[in-house]
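The structure appears right after this line, and notes come after that.
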Amino acid sequence: MDTPIAAPSLPVRVAVLRSPLAQAAALTALTLGVLVTLLLATGHDPGVALRALARGAFGSWYAFTSATLVRAVPLALTGLAVALAFRAGLLNIGAEGQLLAGAAATAAVLGAFTSVSAVIALPVALLVGMICGALWAGMAALLRQRFGVLEVISTIMLNYVALYLVGWLVRGPLQEPSRIYPQSEGLARAFQLPTLFTGTRLHVGLVLAVGLSTLAWWWLRSTAGGFRLRTVGMNPSAAFTIGRVNVSRVSVWAFLVSGALAGLAGAVELTGVTYALYESISPGYGYTAIAVALLARLNPLGVLGTAVLFGALQAGGNAMQRDAGVPIALVHVVEAIIILLVIAGDRLPATRAERSA
Amino acid sequence: MTASLALSLRGIHKQFGAVRALHDVTLAVRAGTVHALLGENGAGKSTLMRIAFGLVRADRGTVDVLGTTCAPPFTPSMAIAAGVGMVHQHFSLVSAMTVSENIALGSQGRYDPATVHAQVRRIGERTGLVLDPNARVSELPVSAQQRCEIVKALARDARILILDEPTAVLAPDEAQALLAWLRTFVAEHPSHAVVLITHKLRDALAMADDITVLRRGERVAAGVAHTFTEASLADAMLGPGERTHAVQQEVMPRVDAHTDSVGAHHNVITADAIDVRDPRNVLRVRGASFTVRAGEIVGVAAVEGSGQHELLRAVAGMLSIANGRLSAPSDIAFVPEDRHRDALLLDASLTENLALRDAGTRSGRMEWRTLATRTAALLTKRDVRARDAQVNARTLSGGNQQKFILARALDDAPPALIVENPTRGLDFRATADVHDALRDARDAGIAVLLYSSDLDEVLALADRVLALHNGVVHEVPRDRAIVGRAMLGAA
């Protein structure tokens with residue numbers, strides 16, 4: 001009997017938040033709300049802390065480009081990787097490991113290519129980074145197809161394998177010539193990605209992230225291949241029974257593409273930001289990517305927005321720690337709470353509608 | 001008399017929503033006997049036994065186990081304590097665990113592998129149901145998994161064993177061995193009893209002491225096995241053929257009128273002695289030969305688990321043929337019985353659901369605008385009630401979902417259509433609409449192969465009937481009694 005009352009509220013709710021701008025505004029308001037609550041609860045002055053956060057993230061052209069956007073690039077690429085995999089129904093939790101595999105491969109190629117022109121060496125190195133990211137994800141795909149190992153488990157495990165592999169590489173074959181520091185030799189200037197604006201650290205990786213996100217959005221929406229991937233993610237059994245879709249082939253390809261994107265994130269981070277391979281090259285970008293993708297509701301264009309939001313939070317969080325004495329951990333708590341709220345908000349009306357139907 | 005009854009259910013009533021599952025059913029299982037509970041799909045056999053095991057609460061009626069009345073609330077743990085053991089059709093084993101772990105599962109206290117191993121071995125020696133206690137259930141063949149279920153019940157001192165369609169998953173010689181074992185079980189323990197839920201007449205006649213027959217939730221026959229024949233049991237299970245379905249009264253004459261015109265058309269599907277194995281490599285269809293011509297509906301009549309799912313999927317090109325020759329067009333449309341699992345993207349628009357039809361072969365750009373127009377036209381043409389082509393499939397009623405699925409299947413005029421339980425779960429009106437759509441398809445020259453678990457639906461729609469029993473296909477005259485006996489394996 002309560003159906004007629006409950007039903008109208010749903011379309012209204014969705015309609016209000018349908019425009020991307022409204023969604024972004026709601027998300028920002030939510031983030032600020034949670035942050036202020038937490039600051040008050042932990043006894044910090046929200047005014048001081050928020051000013052520090054804003055300064056660190058958007059306070060200057062330099063802060064916005066070199067702190068926020070520089071962090072947003074790997075988050076967008078790995079977020080895109082996760083979003084594509086999730087859209088295919090694959091819970092790829094391994095973007096971190098695939099990123100590391102890509103970074104390591106790129107470092108190895110550039111280390112060997114010292115006498116090759118950068119015009120050839122850089123693209124080849126990025127490509128090899130993508131391929132290695134794809135192969136790293138391919139291991140999980142193989143385990144899934146051949147032995148039924150759940151990718152949630154295998155990709156997490158492979159993250160650690162990648163981390164320790166990098167640890168060995170930077171103390172072994174790829175260690176810098178003086179053999180003092182656990183890192184690879186710094187890249188020659190020619191092998192570094194060009195920056196977009198002089199005086200900032202923002203590199204052309206941003207163009208790649210925006211371009212690939214747009215491409216992925218268009219591909220998912222408008223091509224047969226993208227539709228096929230979505231059918232497999234929504235209902236593999238119907239995709240096979242009605243659409244005669246080769247489900248395992250689509251899954252494997254989705255896994256490989258997802259891994260390639262995460263591998264590219266690693267390659268771009270190495271050539272654009274760190275210029276050398278070391279163990280802590282990623283502060284968990286591949287894990288934050290899951291939040292970036294979920295918050296964007298797995299929409300590739302939305303990933304760009306949420307990547308900037310998380311980039312800003314992390315850049316601002318550093319400033320907040322430095323200038324207002326607020327531990328950066330608080331930012332991670334905020335991230336986690338937003339994810340929970342958004343997921344709960346997505347689920348609740350749906351379940352209520354199901355129940356009353 | 002009551003003292004010698006191992007299990008007695010009296011005056012059981014059970015209603016599920018608007019459906020009357022059981023009406024005043026009585027079942028008396030004598031101690032020291034094997035009792036067969038016979039009936040078609042949906043006759044209420046499983047519900048009755050789930051009541052005896054405490055899984056379902058009866059609306060009215062009493063359950064006596066070994067002379068003691070079980071007062072409500074009667075739960076499975078009380079049933080187990082009272083000495084009832086049930087082996088479900090779909091096993092309730094944890095496949096990643098070992099045999100002894102499964103057997104210990106649900107009991108109280110500490111798990112001591114050595115004790116359980118010894119218990120499994122002891123039961124094996126005593127009963128001949130030998131199992132390796134360390135074997136992982138997922139690695140056991142189906143017959144051994146079933147043995148594990150029985151041992152699990154025996155380990156809890158079950159004195160009344162209820163087995164739900166136990167032979168459905170077994171090869172013929174395995175089934176023989178199981179039935180022989182059940183006979184020894186009651187012969188050695190005069191106070192024990194076995195209830196065998198089955199729709200196999202031969203098993204019932206050969207192995208049971210007593211037989212009870214249910215039809216549409218009522219007990220229609222009960223007595224000592226040797227007072228029945230295959231024919232009398234088949235008639236009791238299927239009823240005298242009175243037209244109980246409102247749908248059927250409406251449709252029968254039209255079908256009869258059409259039948260004469262069939263025969264002039266060419267064969268669209270030709271199966272020549274095909275064997276089909278299921279994904280677990282069990283032989284499900286043996287040497288099936290039949291044809292489906294353009295402009296006719298060929299109905300498959302079969303009881304559950306006879307190989308119909310595999311037969312239909314093989315013809316639809318989704319399972320490969322193990323032996324024999326099959327000639328069928330590649331663009332056959334298939335309407336599976338489980339709409340939500342196999343036919344729809346519930347959270348995608350109807351337009352996207354239409355596009356699903358050739359998702360596997362499409363390439364290049366998606367013409368969403370054209371597809372949306374086509375979907376909208378389809379909704380109007382086939383009278384599918386939906387707000388527009390952009391609503392999610394989930395928002396449609398079951399009847400409209402099924403009408404949409406059929407409309408999609410017929411959209412690009414396929415040469416052949418395969419439908420499986422097309423009206424499962426639909427109300428009267430939706431059922432009539434689906435039937436009309438199937439007849440329209442037939443009249444448009446499409447070759448239709450139909451399976452329904454409801455024999456009356458098969459008879460109402462089909463121009464010709466194939467009876468499928470235990471994987472073997474026979475074409476039979478479209479006569480209720482003959483089809484019924486053939487699908488039950490009665491001569």
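The values are calculated or read from the model by the stated rules, or taken from the named source; none is laboratory data. Keep in mind that what you see is a predicted model, and the values were worked out from it rather than measured. Reconstructed Cβ throughout: ideal geometry from the backbone, glycine too, with neighbour counts over all protein chains shown.
Considering each of A:Val245, A:Val250, A:Val292 in turn, give the residue that is within 14 Å of another protein chain (Cβ to nearest Cβ), assigned to a helix (DSSP H, G or I) and either crowded, with 22+ Cβ neighbours inside 10 Å or among the polar types (S, T, N, Q) (or both).
A:Val250
Determine, yes or no, whether B:Arg147 is of a type outside the set (A, V, I, L, M) and either touching a strand residue (DSSP E or B) at 6+ places or on another chain (Cβ under 7 Å) or farther than 25 Å from B:Arg280 by Cβ (or both). Against the criterion (of a type outside the set (A, V, I, L, M) and either touching a strand residue (DSSP E or B) at 6+ places or on another chain (Cβ under 7 Å) or farther than 25 Å from B:Arg280 by Cβ (or both)), B:Arg147 does not qualify. Residues that are farther than 29 Å from A:Arg249 by Cα, within 14 Å of chain A (Cβ to nearest Cβ) and out of contact with any His (no Cβ under 7 Å at 6 or more places or on another chain) do occur in segment B:380-388. Listed by first and then second residue, the pairs linking a residue in segment A:43-55 that is loosely packed, with under 15 Cβ neighbours inside 10 Å to a residue that is at pLDDT below 90, with Cβ atoms under 6 Å apart and 6 or more places separating them unless they lie on different chains, form an empty list.
For first residues located in segment A:155-177 and under 18 Å from A:Gly133 (Cα atoms), partners that are in a loop (DSSP other than H, G, I, E, B) and among the aromatic types (Phe, Trp, Tyr) and lie 6+ apart or on another chain with Cβ distances below 8 Å do not occur. Considering only residues in segment B:345-366 that are outside any loop (DSSP other than H, G, I, E, B) and surrounded by fewer than 24 Cβ atoms within 10 Å (Cβ to Cβ), the one that is nearest to the other protein chains (Cβ to nearest Cβ) turns out to be B:Arg365. Within segment A:290-344, the set of residues being touching a residue at least 12 places away in the same chain (Cβ under 8 Å) and of a type in the set (S, T, N, Q) comprises A:Asn299, A:Thr306, A:Gln314, A:Asn318. Only helices (runs of 4 or more DSSP H) wholly contained in segment B:14-107 count here; list those with 2 or more residues that are at pLDDT 85 or above and under 26 Å from B:His199 (Cα atoms). Because the criterion is at least 2 residues that are at pLDDT 85 or above and under 26 Å from B:His199 (Cα atoms), the helices (runs of 4 or more DSSP H) in segment B:14-107 that meet it are B:45-52, B:76-82.
Number of residues in segment B:417-468 that are assigned to a loop (DSSP other than H, G, I, E, B) and hydroxyl-bearing (Ser, Thr, Tyr) equals 3. All of B:Gly471, B:Gly484, B:Gly445 fail the test of being buried (at least 18 other Cβ atoms within 10 Å of the Cβ) and on the phi > 0 side of the Ramachandran plot, apart from B:Gly471. The sole residue among B:Thr75, B:Thr127 that is assigned by TED's automatic domain parsing to the domain that holds B:Thr227, over 30 Å from B:Arg485 (Cα atoms), β-branched (Val, Ile, Thr) and more than 30 Å from the chain's Cα centre (by Cα) is B:Thr127. The single condition among (1) under 22 Å from B:Leu182 (Cα atoms); (2) free of Cβ contacts under 8 Å to residues at least 24 places away in the same chain that B:Val29 does not meet is (2).
Going by what's in this entry, would A:Leu163 be described as more than 18 Å from A:Gly94 (Cβ to Cβ) and either among the aliphatic types (A, V, I, L, M) or away from chain B (no Cβ under 14 Å) (or both)? It is false that A:Leu163 is more than 18 Å from A:Gly94 (Cβ to Cβ) and either among the aliphatic types (A, V, I, L, M) or away from chain B (no Cβ under 14 Å) (or both). Among the residues of segment B:394-416, those identified as within 24 Å of B:Val19 (Cβ to Cβ) and not in a helix (DSSP H, G or I) are B:Leu396, B:Ser397. Filtered by the rule that a residue be within 13 Å of A:Val331 (Cα to Cα) and in contact (Cβ under 8 Å) with a residue 12 or more places away in the chain, segment A:29-42 gives A:Thr31, A:Leu32, A:Val34, A:Leu35, A:Val36, A:Leu38, A:Leu39, A:Thr42.
In the set A:Leu193, A:Leu202, A:Leu261, only one residue is closer than 28 Å to A:Val124 by Cβ and touching a His at 6+ places or on another chain (Cβ under 6 Å); that residue is A:Leu193. Scanning segment A:224-242 for residues that are farther than 23 Å from B:Pro414 by Cα, within 7 Å of another protein chain (Cβ to nearest Cβ) and surrounded by fewer than 21 Cβ atoms within 10 Å (Cβ to Cβ) yields a single hit, A:Met234. The set of residues in segment B:104-141 that are surrounded by 14 or more Cβ atoms within 10 Å (Cβ to Cβ), more than 17 Å from B:Arg156 (Cβ to Cβ) and small (Gly, Ala, Ser) contains only B:Ala135.
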